[in-house]
Amino acid sequence: MKKLVLGTITAAMIATAGLAADYTMKVSHVVSASTPKGKAADFFEKRVEELTGGKIDVQVFPNSQLYGDGEEMKALVMNNVQLIMPSLSKFTSVAPQMQLFDLPFIFRDKTHLYNVMDGEVGAVLKSKVDEKRQMIALDYWDAGFKHLSSSTKALVKPEDAAGMKFRIQSSKVLEAQFKSVGGNPQVLPFSEVYSALQQGVVDGTENPLSNFYTKKFHEVQSSLTLSQHGYLGYLVVMNEQFWNKLPKDLQANVAQAMKEATKLEREESMKEDALMMESLTKYAKDTNKLQIIELNDAQKQEWKKAMSVIYPQFYDVIGEDLIKKAIDTK
């Protein structure tokens, strides 16, 4: 009986908290709830509501339930949704300096990457987004390092890429990156990559392990080179109007919840990378249809030397000082 009464009281408190919410925050993202991004979004919802005592009602909409990849930025600006976390490439038209994240081999490892994101360089880049108004950049979430893949030949040395057609996102940096090794970059929507690889429209691509495996690119590629040459990540942004309406104490609660959610998202991203590698290794062993190439330090340096020659091309757009600060970050 005691348990029943307590349960009834708890349920009533939750219901009252929902009714008593002073603010509603809609969170939209385009991936499933089971991904690192999805898990972090759900965690953020829970923590904001806990920390604010139910004063903010957070509603998470995964899988493009509210807005698709090409619509969510506009929806945020119009305050139809209050929080989104698009890929970093979506911000290059808003803040061209964000192209820093596309530069090949600029990050030595995950520790260096996070130190850049969470330090001076990351703060400067967030401020460039903030300057455009209508959105506040909160934090960086992780999607993983990119690797090279091919259906024609193993990519071990930079010269192996000569003449190959590589699918890229729309990015001047990525275009220059593949041209630096003699490749032929082709801009294609992500939804078309599998069929393009299958039909030979393109020969290869670059992806984090999660994209490569979950989109089944391993079925239409004969080799995967663990190059870690590039990076994919997300920037979490909030509608400025909504943020400014929040009292200082609630802003602090949201910031705390975001800090915790970021930690969780990055941990989940690293776990997912390990699981994807395990699955790909098993696939390669079981089918003998995929060659996985692990580059040694000397081979990675060859790729880095060949691709990093493009940095000066983007000094004017990104900022030479910003690029050098990123490289020098400990």
Select from the stretch 74-129 the residues that are open to solvent by 40 Å² or more (accessible area, probe 1.4 Å) and small (G, A, S) and list them in ascending order. S93, A123, S127
Those residues that are part of a helix (DSSP H, G or I), aliphatic (A, V, I, L, M) and under 25 Å from the mean Cα position of the chain (by Cα), I need them from the stretch 277-305; list them, please. M277, L280
Having 3 or more residues that are over 27 Å from K263 (Cβ atoms) and among the polar types (S, T, N, Q) is the bar; report the strands (runs of 3 or more DSSP E) wholly within the stretch 126-217 that clear it. none
Determine which single condition I136 fails, assuming it passes every other condition in (1) closer than 19 Å to V317 by Cα; (2) modelled with pLDDT of 95 or more; (3) out of contact with any Pro (no Cβ under 9 Å at 6 or more places or on another chain). (1)
Could you pull out the residue among Y194, Y213 that is touching a residue at least 40 places away in the same chain (Cβ under 8 Å) and out of contact with any strand residue (DSSP E or B) (no Cβ under 8 Å at 6 or more places or on another chain)? Y213
Taking N63 and the conditions (1) under 21 Å from K325 (Cβ atoms); (2) at pLDDT below 95; (3) polar (S, T, N, Q), which numbered condition does it fall short on, given that it satisfies the others? (1)
Counting only residues that are acidic (D, E) and open to solvent by less than 40 Å² (accessible area, probe 1.4 Å), which one in the stretch 259-275 is farthest from A40 (Cα to Cα)? D273
Pick from the stretch 180-236 the residues that are over 20 Å from the mean Cα position of the chain (by Cα) and of a type in the set (A, V, I, L, M): which of them is surrounded by the fewest Cβ atoms within 10 Å (Cβ to Cβ)? V201
Could you check the stretch 22-44 and list, in sequence order, the residues that are within 17 Å of W243 (Cβ to Cβ) and open to solvent by 30 Å² or more (accessible area, probe 1.4 Å)? D22, Y23, T24, K26
Looking at M307, M270, M277, which is the one that is farther than 25 Å from D22 by Cβ and in contact with a Pro (Cβ under 6 Å, 6 or more places away or on another chain)? M307
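The values are calculated or read from the model by the stated rules, or taken from the named source; none is laboratory data. Being a predicted model, the structure only gives us computed values, none of them experimental. Positions of Cβ are backbone-derived with ideal geometry, glycine not excepted, and every protein chain shown enters the neighbour counts. Keep in mind that these areas ignore ligands, DNA and RNA; they rest on the heavy atoms of the full protein, side chains included. Shrake-Rupley method; radii C 1.70, N 1.55, O 1.52, S 1.80 Å.
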